[in-house]
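What follows is a set of notes on a single structure, which appears directly below.
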Amino acid sequence: EIQMIQIKPYTEDDNPALFTLLRSEGDNWSCYYNCELEYSQVLANCIVYVAMANNRIIGYIRCRKDGIFDLYVYDLLVAKDWRGKEIGKSLIETAAADQPYIDVYILSDADEYYQKQGFERVGSIFRFKRQIKNEATSFNL
C-alpha cells in the first residue's frame, strides 16, 4: 500500500500534532514538550517543515538562518514507525531547496544517521557551562 507523504511549512495550527509526536518520543524530547508555550515561540521564529501522512505529523525539521551565509538544522525527528523511509532526508532536502544559495549545517546528536546519509563532518559543537547563570561578570586584568 502506497501512502502519500506531504512536506509543508509549519504553521501554529500544527502545534497539537507536533507536540503529540514529541511526546511519543519519550524523555529525549521532554525539554520541548514540558515547555510547550516557550517551544511554540521558538518554532514561530524558526524555519520549520512538517511531514504529514494520514492527517498526522510524522516528522519535522527546525532550522535557523544566520542571516546571510548558512542554514543550521537544530531539530530533525521522524516518528519511530516511519523511520527508514527517507522522510528525514526529504525534510532536509526541502529545507535546503528553499535556501538554495547557502550551506546547510546540522547540529547532531545522532551522528551515525547523518554519516549513513553521506553527510560530511565539518567540526563539532560544545556547550559552554556557566559558573553563574544570568549575571553580568566583571574582572580585573
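The values are calculated or read from the model by the stated rules, or taken from the named source; none is laboratory data. Small disclaimer: the values here were computed from a predicted structure and weren't measured. Note that we place each Cβ from the backbone using ideal geometry, even for glycine, and neighbour counts take in every protein chain shown. What goes into the accessible areas is simple: the full protein's heavy atoms, side chains included, and nothing from ligands, DNA or RNA. Shrake-Rupley method; radii C 1.70, N 1.55, O 1.52, S 1.80 Å.
If you take the Cα centroid of region 83-133 and the Cα centroid of region 63-80, the two points sit 7 Å apart. Taking a straight Cα-Cα cut-off under 16 Å and skipping sequence neighbours fewer than 8 places away in the same chain, the lysines within cross-link reach of Lys116 are Lys85, Lys89. Counting only heavy atoms of the protein chains and using a 1.4 Å probe, Arg56 has close to 100 Å² of accessible surface.
When you restrict to C-alpha pairs under 8 Å that are six or more residues apart and normalise by the size of region 21-84, the relative contact order lands at 24 percent.
Per residue, the accessible area of region 16-106 comes to 54 Å², computed with a 1.4 Å probe over protein heavy atoms only.
Give me the Kirkwood hydrodynamic radius of the chain, using the inverse of the mean 1/r over all pairs of distinct Cα atoms, in Å to one decimal.
Details: mean 1/r = 0.0597 Å⁻¹.
In the chain this quantity evaluates to 16.7 Å.
When the accessible area of the chain is computed with all protein chains present and a 1.4 Å probe, what percentage of it is carbon and sulfur? Whole-percent figure for carbon plus sulfur exposure: 49. Once both labels are positioned 7 Å from their Cα atoms along Cα-to-Cβ, the gap between Asn54 and Asn34 label points is 3.1 nm. Which lysines does Lys129 reach when only Cα atoms under 27 Å apart count, and residues fewer than 8 places away in its own chain are ignored? Straight-distance partners of Lys129: Lys65.
In region 7-64, the alpha-carbon atoms span a convex hull of 75 Å³ per residue.
Fully extending the segment from Tyr101 to Arg64 would add 11.9 nm, taking 0.36 nm per residue of separation and subtracting the current Cα-Cα distance.
Against the main long axis of the alpha-carbon atoms of the chain, helix 15-24 sits at an angle near 80°.
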